[in-house]
């Protein structure tokens, strides 16, 4: 895992084979973005909210609080930053890298890489060689996050 | 100086788990305990029992032996202790006498390296060694009723005494292994134990209030389980939550992790049987 990260930081742009389906993406390490959509299909913010909240999907709420969800969701985590205004703070390209693999930015981060299935160890049988989210779910969550402005 | 927590809940203080953090736990010693529920280690870190992270309601269940839903195992264990089993017709008591004396500190010392074989033994391993080698009895299955009752009974003899595992000499390589595993990212979620239990204790992760993942209460009654469970069961639960391959009960991995965890909480009082949510 370390070598992957070093490689990413050393190269200006670097193509990575990301999942079992061999979805390739390019990380711009100079500004920490992934420019191109993972699917080419525009994200759906409604589906993104469901994937954001779902315990078997992103379960992002485990670590992040979102003011806009306080009425519909009981438990919001305190481990990561509040995301209520994240749509004003980050672009789609920046969000894409953070969801795909935050470890490119901070190698000690607790936040999982949601779209990487390589460089892992001791993965449970059911989850082997699978990414946590599908490429489209990542795009949907990005669309949802861009609506969060407070 | 000893302050007793008894009555804190009875005072009608309705503290949430988060507010309970405001209590100076280094000054709180449960009734009959030799050491408080928290202390500051050499690095200036506050080492806290899982007790200090739980709600007053859960704490109250542990503090009162009559309310503690696992306490019957202490009585049951006392009977099992002096009941002969196996081809030798011997009971634990025949060789070890009064557990209050012979087992007084055993619960603070395990996992421990077996002088004979050089292996690292959890208390469960050691009890099974006596059953198979000294009694001609069958080994208990790790998470069986018989084993849970016996480990609760034996470790309860050390209740209130500080955890004091050895991690030097022959234990050193096992300690290093445990430490490496504790800090290694595993599972599809790619997290190490340390990410939750060192970096973010005292924070909510969704509905769960994260503790330091200490082991001084085990075997512990967990409300979610509705029964007592071993530390290996708890570690397997955490592994499952991060979508990792669970190490088997009694495995080397779980036992070296258990040693490392015990050392992190060295000096915390044994609470067996503790109550957690």
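The values are calculated or read from the model by the stated rules, or taken from the named source; none is laboratory data. What you see is a predicted model; the values in this text were computed from it and never measured. For neighbour counting, all protein chains shown are included, and Cβ atoms are generated from backbone atoms with ideal geometry for every residue, glycine included.
A few points about this structure:
- Number of the exception - residue B:99 against (1) surrounded by fewer than 18 Cβ atoms within 10 Å (Cβ to Cβ); (2) out of contact with any strand residue (DSSP E or B) (no Cβ under 7 Å at 6 or more places or on another chain); (3) in the same structural domain as residue B:138 (by TED's automatic domain parsing): (1)
- Every residue from region A:62-74 that is facing chain B (nearest Cβ under 8 Å) and out of contact with any strand residue (DSSP E or B) (no Cβ under 7 Å at 6 or more places or on another chain): A:74
- Residue tally, condition crowded, with 18+ Cβ neighbours inside 10 Å, over 17 Å from the mean Cα position of the chain (by Cα) and away from chain A (no Cβ under 14 Å), over region B:176-188: 2
- Only a single criterion out of (1) over 24 Å from residue B:202 (Cβ atoms); (2) touching a strand residue (DSSP E or B) at 6+ places or on another chain (Cβ under 9 Å) is not satisfied by residue A:79, namely (1).
- Scan of region A:121-136 for residues that are facing another protein chain (nearest Cβ under 8 Å) and in contact (Cβ under 8 Å) with a residue 12 or more places away in the chain, ordered by number: A:130, A:132
- Some residue of region B:251-264 being touching a helix residue (DSSP H, G or I) at 6+ places or on another chain (Cβ under 7 Å), within 14 Å of chain A (Cβ to nearest Cβ) and surrounded by fewer than 22 Cβ atoms within 10 Å (Cβ to Cβ): yes
- Selection within region A:137-147: residues that are surrounded by fewer than 22 Cβ atoms within 10 Å (Cβ to Cβ) and farther than 19 Å from residue A:25 by Cα. The member of this set that is farthest from the other protein chains (Cβ to nearest Cβ) is A:146.
- Failed condition for residue A:104, given (1) within 17 Å of residue A:64 (Cα to Cα); (2) touching a strand residue (DSSP E or B) at 6+ places or on another chain (Cβ under 8 Å); (3) more than 11 Å from chain B (Cβ to nearest Cβ): (1)
Results for (1) away from chain A (no Cβ under 14 Å); (2) closer than 30 Å to residue B:62 by Cα; (3) touching a strand residue (DSSP E or B) at 6+ places or on another chain (Cβ under 7 Å); (4) surrounded by fewer than 22 Cβ atoms within 10 Å (Cβ to Cβ), shown as yes or no for each residue.
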residue	(1), (2), (3), (4)
B:113	yes, no, yes, yes
B:124	yes, yes, no, no
B:141	yes, yes, no, yes
B:151	yes, yes, no, no
B:164	yes, yes, no, yes
B:173	yes, no, no, yes
B:190	no, no, no, no
